[in-house]
Every structure is written in C-alpha cells, then in structure tokens.
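S.K.: Below are the structure tokens for one structure; questions will follow.
What follows draws every value from the coordinates through simple rules; no lab data is involved. If you're wondering where the values come from, they're calculated on a predicted model, not measured in any experiment. Every residue, glycine among them, receives a Cβ derived from its backbone with ideal geometry; neighbour counts consider all protein chains shown.
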Amino acid sequence: MSRNPDSVRLIEEWLSDGPDVAPDRVLAGFSDRLVNSRQERGFMRTPPSWRTLPMMPRIAMLAAAAVIVIAVVILSGGLLGRPARVGGPASTAQSAMPSGPSPSSSGSSGDPEAATTSGQVAYHASVEGNADIYLANGDGTDVIRLTTDPSAEMYPSWSPDGESIAFIRDGDVFVMAADGTAVTRVTSSPQEETAPSFAPDGTGLIFGRAFGDENWAIHRVDLDGANERQLYQEPTHLEAEALLITDDQLLVNRDLIGGGGLEIARVDLTTGVVTALTDYRDGEESHFALSHDASRIAYGSDGPDRGLLIMNADGTGNRLVTEEYFSGPIAWTADGLTLSFQNGNWISLIRLDGTGLTRLLEGSDPAWRPGT
Amino acid sequence: MEQDLVERARAGDRDAFTQLAWALTDGLFAVAHRMLRDSGLAEDATQQALLDAWRKLPQLREVGRFEAWVHRLLINACKDEIGRARRRDVKLRLLPLLERVTPDASLSIEQRDQLERAFDRLSPEHRAVVVLRHYRFWSLGEIALSLGLPVGTVASRLHYAMQALRAALEADTRLSDGTAVGGAR
C-alpha cells in the first residue's frame, strides 16, 4: 500500500462517509416526544397536537413545513449544504462600535429587576477588526476607548488599587494607567503571552505563556519586567488563565488527562502541593474568577449543573447561579454583589442569587475597577 | 428569517420550532452519527437534543447563536449516550458505514478499520472537536463558542485527537509495509 502523507485529508474523507440525511423516524419520534413534553412549556400558545391529527393532515403539515424551510434556506443563501454559522466569533470582529447600551435600552431583558452595579468596567471590543481596550460605567454608559494603537489589545486586568490596567498587546504583556496613558511594556518574549493579572500586593503580574503544543505555563514578573520566573506548568494541559490568591497560592485550570478533564485547582507554590477544587468527573470546569475578598470562586461548569456556579475558595458549597451562562470569561463586579460574564458578543450581569440577568455591553473580557 | 423563527419558538410557537427542527435535523444527525458511529444512538441523541432545545429555548438569550447552542446540546446528548452505553457495559458497535462508502475512496479498508478503532478510543470530548472541525469545518473559535470552552482547550484537544488518528493511519501504513510498529520509518 502506498503511503499517503495527507492524513488530514484521509481523516476528513473517512468522516465524510456516512449518512447526511436523518431517517424520517427521527423527526417523527421527536414530534411525538414534543407532544409529550407539552407540560414542560406551559406557556405554549400554538399546540398543533400532532397526535390528534389524522395522518394525512400530519403529512400535509410536514410537507408544508418542509416547503417553507426549503424556501427560507434558498432565499437565505443556502443552509442545506452547510448550515449557516450563527453568532460565531466573526460577528464580534464585525461588530459595531460598542455603544454601551443601558440594561433598559439593550432590549435583552424585559426584567424590570435587571441587575445593576456601579463602578467602572474595562473590557476589549473589536471595531472594524481592531481590538482595543475600553472603559465604561457600570450601567454601560460613558464608553471611553483607552488604547488607540493599531495592534490588537485585549485581556484587561486591574491593579488592586484600581490605578493601572495590565493587558496584552500582540502577544506581550503591557501596563497602562487607568486613563490609557503611560503605556509600558512588561514582557518581550517571542512566545505568546496572555491572560495577565496582578499579584494581590500589586507589585507584579502573572500571565500565561505558550508552552509546547497548545499548552501554557504560568509565569510571574515584576511590573518593570524584572525577575521573571515560571510558577507552574502541567505537561498534559494547563489553561493560560490563572490567579494568585496570595503570594504563594495560585488558582489554575488544568487538565491532567489531556482532554475532557478540565478542573480548577489550587497550587501551593511553596510546597508544590496541588489541591483540586473541582472534579472533572462531575463535569469540566473552565473560566473562573476570585471574589475580591478571596473567599469565593465563580466558575463555569459543564457538569450536571451546567452553567455559572459559585463555590467557596476551598471548593465547598457549590451552587448554581444560572444555566444561562454559555461560555466566556467571568468577573466579579467591584461591589461583589453581581457577576459579569461574557456570553457571545455581550457582557452580561447577574445577581449572585441568579436573578436579574441582563446585557450590559458588547465586548469581551470584563474587568471591574476595584474601589469604584 | 431564522432568527424570527427562533424568537417565535422561544415564545412558545411550536410550529416555528418544528420548522427549525426540519432545517436542523439532518445536520445534527450527521454530526451525532460521526460521534457515536451508530445509527440508533445517533437518532436518540438527535431527538434528545431537539427536545432539550425546545425545553430550554426560553432560557436562550442570544437567538443569533441558536445553531451553536443546539450543537452544544447535541454534543451533551451524545456524551450521555456514550455514558449510558458504557454503564451498560455495551461497547458501541463500530459501524462500517457500508451504506455509503465513496467509490473512489483513497482510504483502504485497513485504514478505515484503524481509524474506527482509534476514534473509538477517543473521549467524547475529543470526538466532538474532531467532528466539528474536520466534518463540519468549523473554526476553533466557533467550536469553542459552541462547546463553551476556551479556544486553547479546543486546540489542545484537537491536537491530541488528530495525533491519535494520525498515529492510527501511520501504524496501518507501517504494518502494511511490513515494518514493525514503532520501528524505523
């Protein structure tokens, strides 16, 4: 047998073999189960009662629906060949200037009790393909663009005193004043760096640096770029996102099985002891945020309680805040009474008891200014 | 137009949801079939994903992300199917997919067999990224968004999974060439 170096093509060829059309019984079975699920959507206004219809009208309805869908698909540019992607990252890059809609004007929530918070939030947004750091009030008003460099700036993180912002520009760590002035380079390595955050005493930064194939190591550096050292790495997989609880206690997101095993762990940098705070066998956890008093951790989970959860800093007391968390960075607001998280192209707010979910801003990576 | 259907379905319009289901079912089933390698399980997972979508649709705020969201529900349904099968200690039958083997396929039967075995050893999470990337041709960002994972995690899983599948192909090549696995290339 001849060798074929194009293994990716062969794998794609292998994957392409197989049915592209679902048997009719899939939709028919679903329709039956849908009828049986009526009680679960008590507000339904138009129950067509498939089971109560004679067979011919059912077929007619299915045929009519098929015609409508096909027409829609054709008119919308062809969904059948490859379903149109909706809400992907590209739409973020093409998004309009972030305007900071207020919760009441965003149209995302009709909840009169929508969560609100004071303070200021730094975040990054892409306008015409250029990612920059912005600052806005806690109600989404008074948006200020802090970076104007043509490079891509993202991952803002506040100093403990709320006077400086660390961020990433083209894969290196920088720091600037809260008004966007005094931009200072901190790192200049050829490896990609990401997700900077300040040490609790504000004297240094930690960040993730690319390590091997699609892996990250956590480093620490003084604000002037001196004394850089690696704090932690995992040979299997470590996420770049890490936080220092104290000078010698590090929160990390690791995967010891190299896929499907993300969990949050606390690393004692003095003893090297690593304590898992969550168990990936109960569902993977990714993205986390430490409360300002370091007593609680908010995180995303794909376990039985899928969504945004809170636990005590020792891993106990887990409780679900909302199932409506989809993915993306999480942040505690400055007052500690609400959480913000990125859902798609939007930064949303929600109270700790799970009420008041509302959209705040179009953007990514929210970071709330301490003391505001 | 699709967003209008999603809005209506979210508000409880079952007809609107039925139209969405019609548009999505083939694609969902195809993905589930690639993940599970079993028609019956794929049918169950597809139905469950659609049912979950109907139940949970009122919670979906971003109607523009409906398709990505449904795929996440499908992947979760597939994981559940795999978990149930393993709890029953039933090894998922590796389907030879005889119903549609490309006539001028470049893959040999031995290579297909190696890929099936290697794929069977992958975790559901690894299978998901392989199928979404190399069957649906989604970007890493789109996969990350759909599965609710950091892009780095998606990239890492894809790297690991493709490495395993490539190794299976290379092992088959070495065996076919009469070279011992792990020996000189």
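S.K.: How high is the relative contact order of the range A:219-341, given as a whole-number percent (alpha carbon pairs under 8 Å, six or more residues apart)? Don't jump to the answer; show the numbers that get you there.
M.R.: On the way: 251 pairs, mean separation 16.7, N = 123.
Computed over the range A:219-341, the figure is 14 percent.
S.K.: Take every residue in peptide B:128-137, count the Cβ atoms of other chains within 10 Å of its Cβ, and give the average of those counts. If you can, show how the numbers build up before the last one.
M.R.: On the way: counts 1, 2, 3, 1, 0, 3, 8, 6, 4, 3.
What the average comes to for B:128-137 is 3.
S.K.: Over the range A:192-288, what lengths in whole Å, largest first, do the semi-axes of the equivalent ellipsoid take, defined as the square roots of 5 times the eigenvalues of the alpha-carbon gyration tensor?
M.R.: For the range A:192-288, the ellipsoid semi-axes come out as 22, 15, 11 Å.
S.K.: Another one. How would you order A:182-192, A:353-363, A:315-325, A:294-304 from highest to lowest mean count of nearby Cβ atoms within 10 Å?
M.R.: Values: A:182-192: 13.7, A:353-363: 22.5, A:315-325: 16.4, A:294-304: 19.8.
The peptides rank, most packed first, as A:353-363, A:294-304, A:315-325, A:182-192.
S.K.: Over all pairs of distinct alpha carbons, what does the Kirkwood formula give as the hydrodynamic radius of the range A:312-355, in Å?
M.R.: Its Kirkwood hydrodynamic radius stands at 11.2 Å.
S.K.: B:SER108 versus A:LEU269, label points 7 Å from Cα toward the beta carbon: distance in nm?
M.R.: 5.4
S.K.: Length gain on complete extension for the stretch A:ASP20 to A:THR236, per 0.36 nm per residue less the alpha carbon to alpha carbon distance?
M.R.: Numbers: separation 216, 0.36 × 216 = 77.76 nm, distance 3.52 nm.
This chain segment gains 74.2 nm when fully extended.
S.K.: How high is the FRET efficiency from A:LEU337 to A:ASP6, r the C-beta distance, R0 45 Å, rounded to 0.05? All intermediate terms of the calculation are to be shown ahead of the outcome.
M.R.: Details: r = 55 Å, r/R0 = 1.23.
My answer for the efficiency is 0.20.
S.K.: Count, for each residue of B:108-116, the Cβ atoms from other chains sitting within 10 Å of its Cβ, then give me the mean as a whole number. All intermediate terms of the calculation are to be shown ahead of the outcome.
M.R.: Details: counts 4, 0, 1, 7, 4, 0, 1, 6, 1.
Taking the mean over all residues of the peptide, I get 3.
S.K.: Choose one of A:SER157, A:ALA195, A:TYR232: the residue whose Cα lies farthest towards the positive end of the charge dipole of the range A:105-234 (beta-carbon charges +1 Lys, Arg; -1 Asp, Glu; about the Cα centre).
M.R.: Sorting the options by dipole projection puts first A:TYR232.
S.K.: Using r as the Cβ-Cβ distance of A:THR355 and B:ALA85, and R0 as 35 Å, what FRET efficiency do you calculate, to the nearest 0.05? Walk me through the intermediate numbers first.
M.R.: Numbers: r = 39 Å, r/R0 = 1.11.
Once the sixth-power term is evaluated, E becomes 0.35.
S.K.: Across the range A:160-169, in residue order, what do the Karplus-derived ³J(HN,Hα) couplings come to in whole Hz, using 6.51 cos²θ - 1.76 cosθ + 1.60 with θ = phi - 60° and x for Gly and Pro?
M.R.: x, 8, x, 9, 9, 10, 8, 7, 10, 10
S.K.: What is the Cα centroid distance between the range A:187-235 and the range A:305-328, reported in whole angstrom?
M.R.: If we compute the Cα centre of each part, the gap is 27 Å.
S.K.: A further question follows. How big is the dipole moment of the range A:230-272 about its Cα centre under a simple scheme where the beta carbon of each Lys and Arg is +1, that of each Asp and Glu is -1, and everything else is neutral? Debye, nearest 20, please. Each step should come with its number before you reach the end.
M.R.: Details: 2 positive and 8 negative charges, 13 e Å.
Charge dipole of the range A:230-272: 60 debye, to the nearest 20.
S.K.: By how many nm would the segment from A:ASP224 to A:ASP170 lengthen if fully extended, with 0.36 nm per residue of separation less the alpha-carbon distance?
M.R.: On the way: separation 54, 0.36 × 54 = 19.44 nm, distance 1.85 nm.
Using 0.36 nm per residue and subtracting the Cα-Cα distance, I get 17.6 nm.
S.K.: Once both labels are modelled 7 Å past Cα along the beta-carbon direction, what's the A:ARG281-A:SER295 spacing in nm?
M.R.: 3.2
S.K.: Now a separate question. Taking just the alpha-carbon atoms of the range A:222-372, what radius of gyration and Dmax come out, in angstrom?
M.R.: 15.4, 45
S.K.: Arrange the following residues from fewest to most other Cβ atoms within 10 Å of their Cβ: B:LYS79, B:LYS56.
M.R.: Values: B:LYS79 20, B:LYS56 17.
So the ranking, lowest neighbour count to highest, is B:LYS56, B:LYS79.
S.K.: Rank the residues A:ARG229, B:ARG127 as a footprinting-exposure proxy: fewest other Cβ atoms within 10 Å of their Cβ go first. Each step should come with its number before you reach the end.
M.R.: Values: A:ARG229 7, B:ARG127 25.
The fewest-first ordering by Cβ neighbours comes to A:ARG229, B:ARG127.
S.K.: Dipole of the range B:43-85, Cα-centred, from +1 at each Lys and Arg C-beta and -1 at each Asp and Glu C-beta, to the nearest 20 debye?
M.R.: Working: 7 positive and 7 negative charges, 49 e Å.
In total the dipole reaches around 240 debye.
S.K.: Give me the distance in nm between label points sitting 7 Å out from Cα along the Cα-to-Cβ direction at A:ASP247 and A:ALA28, one decimal.
M.R.: Reported label-point gap for A:ASP247 and A:ALA28 is 7.2 nm.
S.K.: Work out the length of the dipole vector of the range A:243-372 about its Cα centre, built from +1 on the beta-carbon of each Lys and Arg and -1 on the beta-carbon of each Asp and Glu, and round it to the nearest 20 debye.
M.R.: Values: 9 positive and 19 negative charges, 53 e Å.
Roughly 260 debye for the range A:243-372.
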